[in-house]
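The values are calculated or read from the model by the stated rules, or taken from the named source; none is laboratory data. Model, not experiment: these values are computed from the prediction. Neighbour counts are summed over all protein chains in view; Cβ atoms, including those assigned to glycine, are modelled from backbone coordinates with ideal geometry. Just the protein is used for accessible areas: all its heavy atoms, side chains included, with ligands, DNA and RNA removed. Shrake-Rupley method; radii C 1.70, N 1.55, O 1.52, S 1.80 Å.
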Amino acid sequence: IGVPVPRGYRRKRRRRRSSRETSDVDRISPAAERLRYILNEDDDMPTPTLFTEMDTLQREGDELEWKESARWVKFEEKVEEGGERWSKPHVSTLSLHSLFELRTCLQTGTVLLDLDGYSLPQIVGEDRQIEEGMISPELREKISFVLLRKHRHQTKKPIHRSLADIGKSNSASEFPPQMKCSPLLFFGHQLKNKFMKKIPRDAEASNVLVGEVDFLNKPFVAFVRLAQATTLGGLTEVPVPTRFLFILLGPQGKAKSYNEIGRAIATLMVDDLFSDVAYKARDREDLIAGIDEFLDEVIVLPPGEWDPKIRIEPPKKVLSADKRKSVFSLNELGQVNGTAGGGGGGLANDEEMPEQHDFCGGLYLDMKRKLPWLPSDIYEGFHIQSISAVLFIYLGCITNAITFGGLLGDATDNYQGVMESFLGTALAGSVFCLFSGQPLIILSSTGPILIFEKLLYEFSKNNGIDYMELRLWIGIHSCLQCLILVATDASYIIKYMTRFTEEGFSSLISFIFISDAIKKMVGSFKYYPINTDFKPDYITTYKCECLAPDPSESMSQGGAGGLSSRVSVPALDWSQLGKKECLKYGGSLVGKSCKYVPDLALMSFILFFGTYSMTVTLKKFKFSRYFPTKLRKLISDFSIFMSIMTFVGLDMLMGLKTPKLIVPTEFKPTRPDRGWLVMPFGKNPWWIYLASFVPALLVTILIFMDQQISAVIVNRKENKLKKGCGYHLDLFWVGVLMAACSFMGLPWYVAATVISIAHMDSLKMESESSAPGEQPQFLGVREQRITGILVFVLTGVSIFLAPILKFIPMPVLYGVFLYMGVASLSGIQFWDRIKLYLMPSKHQPDFSYLRHVPLRKVHLFTLVQITCLAVLWILKSTFLAIIFPVMILGLMVVRKMLDMIFSQHDLAWLDDLLPEKEKKKKDDDKKKKKVKEKEKKRSKGDDSEEEVRDGLLLPPAGGLET
């Protein structure tokens with residue numbers, strides 16, 4: 001096909017291939033073969049985003065002018081009939097005939113690549129077309145005259161504007177074309193265009209000019225690529241430098257055909273693949289090859305079975321351009337069958353978890369990896385999004401601290417209580433967020449730790465052992481054991497924690513949060529029962545009277561109290577006394593309505609469910625159609641805070657005595673006979689100091705598994721964390737804090753899965769500059785240390801905030817707990833697979849794993865997970881909860897056994913494959929070999945992965961993902 005192919009490239013193609021490789025090569029068209037060579041030149045240079053504007057030639061009176069009719073950033077926007085508004089962004093639908101006509105236009109028309117031009121008159125006056133015989137000299141002046149007519153952009157606004165538009169300044173597109181002004185003034189108006197926010201900063205423009213004239217007998221077509229992008233005055237609606245020009249002028253009578261050809265080239269220019277071709281094309285044939293490849297990807301819909309007038313909504317998820325371009329890569333891209341849909345787990349990469357284990361090697365690598373990020377960990381926290389995250393997580397932490405502290409006080413006879421819980425949370429959390437490897441993790445106490453503390457206290461009490469001293473030595477031994485695990489790189493075991501283990505653990509913790517929130521609400525109905533005995537028809541019989549005490553009983557009491565009663569009784573009108581005064585003076589209440597209380601349980605339920613539902617609604621508000629984007633995002637970020645404030649205000653307005661948050665007001669230990677420091681010697685026999693090693697081993701397993709699984713979930717690859725993880729460093733500080741808390745008699749702390757996920761979700765970042773109609777892209781998480789530190793500092797000073805916090809009803813905080821539990825279930829594949837049991841096959845979502853794994857095997861895999869979850873739940877609910885961490889290890893054993901039931905192909909789609917040392921070494925050797933080949937001969941290689949074919953006679957990037 002006329003492409004200069006290096007000698008080594010030909011030799012590579014002659015090597016013997018497997019049947020699969022041969023079939024892949026045979027599927028590559030000549031156009032794709034040509035593009036492979038083009039697109040791999042200067043591969044490291046990213047192609048700018050193209051803003052494409054199409055102007056059509058129209059006659060206003062006796063004057064000709066160019067009027068903007070459509071624009072593209074990614075999706076098409078048309079000027080609606082009447083010219084008063086832009087259409088909603090939609091996927092461009094093209095006629096097949098227009099694409100073939102466009103191909104013919106590029107074959108026969110003028111193609112000028114890398115033209116030096118700094119103004120539109122200079123570009124129009126290019127003599128190359130005359131030299132090549134494309135146009136005659138007499139026609140050039142007429143064409144130049146038409147092309148240099150003024151451009152009128154979309155200007156008119158409807159008289160009635162929406163509330164979302166009120167207050168916005170006029171954009172440059174509203175600049176009256178009739179006004180005569182200098183180019184500098186016009187450029188100033190362009191800069192005010194609000195549409196610029198939708199266009200990336202490095203974008204360039206592509207201008208399409210189409211129209212019919214009366215002096216041509218055949219169409220005049222020109223495709224121009226400038227050597228340097230240049231701002232051509234008012235040619236473009238926004239101040240973006242123009243790189244490409246496509247001009248189509250033809251005889252009268254075919255305006256509709258010209259318009260469709262213009263739409264076709266405009267759609268091609270915003271296609272990720274063709275735009276690369278347009279930038280790197282060396283001649284006309286390269287552009288035609290790009291159109292041929294575009295045609296190869298198009299799917300035709302029969303006109304009788306689809307209405308072409310329908311505007312297709314932009315998809316929520318667009319097919320990645322990299323997948324389309326990968327077929328043209330000259331490097332081998334073969335993948336293990338199924339890895340594309342596998343997983344997601346949060347397994348660390350080989351750099352973070354190397355196979356060679358040196359003494360403290362993992363800890364050293366973690367510190368080396370995290371130190372350069374320390375400055376950014378501080379300054380990146382100063383963002384308005386951090387405020388909403390702090391308020392949300394703070395309320396979750398103090399609620400958890402109060403709940404856990406109360407339960408711990410009951411279990412340990414107040415040796416540890418709410419005050420110790422507050423102080424421990426503040427101390428451990430602040431230190432961890434300041435020095436740990438993953439500051440997004442939030443430390444908290446867990447249920448298994450509570451059960452261990454309860455059993456330990458009962459054992460100490462029954463055997464005459466000092467509980468606090470025994471607990472101190474267990475903490476010291478557990479700290480040493482954690483340090484040994486850090487030194488020996490034991491965290492390497494997380495490589496065997498696949499999606500199966502993660503989902504089982506995180507689902508259990510989420511269900512615990514949900515069930516605890518519901519249990520607490522159901523409990524309020526017992527304390528404040530609804531008055532079901534009230535009969536409206538008998539309202540006349542309901543009364544409550546205060547009766548004076550019997551004088552004989554008062555005299556028999558004797559003493560000062562009796563004298564007081566005798567003196568005060570005659571002076572009181574008992575029938576007029578209130579409830580408090582009646583009881584104060586010794587009276588008694590008699591009547592059916594004396595025990596009446598307001599329906600506090602019902603009010604509590606309204607606060608509970610209202611907080612949850614309002615939070616969910618406002619969290620999704622950023623996807624709403626109402627209000628500007630910034631306001632929607634602000635409402636979404638502060639959804640939890642707004643919900644809490646709303647229902648706290650409602651509670652204050654109603655004035656009912658709903659249960660409120662109770663915070664300690666004095667800084668002193670809960671139990672008066674203990675201090676803030678625990679002495680290690682003097683109260684227990686010497687052998688206790690050694691024997692405590694055994695229960696400490698159980699605590700260490702609990703701490704290790706709880707911490708590392710939570711860390712794996714936070715560090716999942718789909719969360720797009722850029723600063724790396726720090727499993728060894730995290731475990732080091734958890735161990736050190738165990739010893740510190742033991743010396744101070746404070747609770748032990750470990751990573752809280754649900755609160756950590758909520759913390760991370762509240763800090764998610766999305767792209768600000770997105771094409772009209774395109775969903776904001778998830779960019780990652782705002783990784784910093786400020787939010788965590790502020791949360792725990794606020795927790796520590798909460799004892800001074802008691803006058804404010806006492807107005808927060810507990811049901812509101814239970815609603816926050818319910819939201820955290822439900823929100824942490826979103827995105828868990830296990831939960832999606834459970835819902836498949838209730839759906840007929842035809843209504844099941846199009847999950848990728850359902851395409852590759854039989855449904856019966858999907859159900860079997862889910863059933864195994866449900867069974868494991870049920871066993872864990874039963875164990876958690878009994879005294880056997882102390883062996884809970886061992887059962888988490890049991891999940892990893894069950895996952896290993898699944899290799900005997902399911903094929904590796906099925907597990908690759910439903911879970912993650914377990915690492916195998918021999919296989920890993922082979923893969924590493926292959927990778928090294930590929931890198932060497934790439935460095936040696938970058939133009940070699942022809943293997944490619946099967947390309948996804950999509951489209952609807954519309955740009956594949958507009959994408960309906962297949």
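Structural remarks
- Whole-percent P(r), the stretch 692-803, all Cα pairs, 5 Å bins from 0: 2, 9, 14, 20, 17, 13, 10, 7, 4, 2, 1, 1, 0.
- Heavy atoms of residue 665: accessible area, 1.4 Å probe, square angstrom to 10: 100 Å²
- Per-residue SASA remark: residue 697, around 80 Å² accessible (1.4 Å probe; ligands, DNA and RNA not included).
- Solvent-accessible area per residue in the stretch 435-509 equals 28 Å², computed with a 1.4 angstrom probe and all protein chains kept.
- Nearest-20 debye value, the stretch 70-125 charge dipole, Cβ charges on Lys, Arg, Asp, Glu: 180 debye
- Restricting the trypsin sites (Lys or Arg not before Pro) of the stretch 689-759 to loop positions (DSSP other than H, G, I, E, B) with no more than 13 neighbouring Cβ atoms within 10 Å leaves 720, 722.
- At a probe radius of 1.4 angstrom, the accessible area of the stretch 375-420 per residue rounds to 33 square angstrom.
- Of 712, 590, the residue with the largest accessible area leads and the full order is 590, 712 (1.4 Å probe).
- Potential lengthening of the chain between residue 114 and residue 62 amounts to 15.1 nm, from the contour at 0.36 nm per residue minus the alpha-carbon distance.
- With kT/(6 pi eta Rh) evaluated at 10 °C and eta = 1.306 mPa s, and Rh the Kirkwood radius from Cα pairs, the stretch 220-321 diffuses with a coefficient of 98 µm²/s according to Stokes-Einstein.
- Loop chymotrypsin sites (Phe, Trp or Tyr not before Pro), the stretch 622-709 (other Cβ atoms within 10 Å of the site Cβ: 10 or fewer; DSSP): 681
- In the stretch 739-809, the alpha-carbon atoms span a convex hull of 180 Å³ per residue.
- Based on the convex hull around the alpha carbon atoms, the stretch 626-726 presents an average projected area of 14.5 nm².
- Cα pair distances exceeding 11 angstrom across the stretch 802-843, given as percent: 74 percent
- Accessible area in the full protein assembly, largest first, 1.4 Å probe, for 620, 78: 620, 78
- Loop chymotrypsin sites (Phe, Trp or Tyr not before Pro), the stretch 769-842, which have at most 12 other Cβ atoms in a 10 Å radius of their Cβ (DSSP): 807, 837
- Rg and Dmax of the stretch 645-696, based on Cα coordinates, read 22.2, 61 Å.
- Sorting 306, 72 by accessible area puts them as 306, 72; the probe is 1.4 Å, largest comes first, and only protein heavy atoms count.
- Close amide-amide hydrogen proximity is noted between residue 113 and 225, each under 5 Å apart and 5 or more residues distant or on a separate chain (H modeled in the peptide plane; Pro and chain starts excluded).
- Centroid-to-centroid, using Cα positions, the stretch 400-452 and the stretch 238-280 are 63 Å apart.
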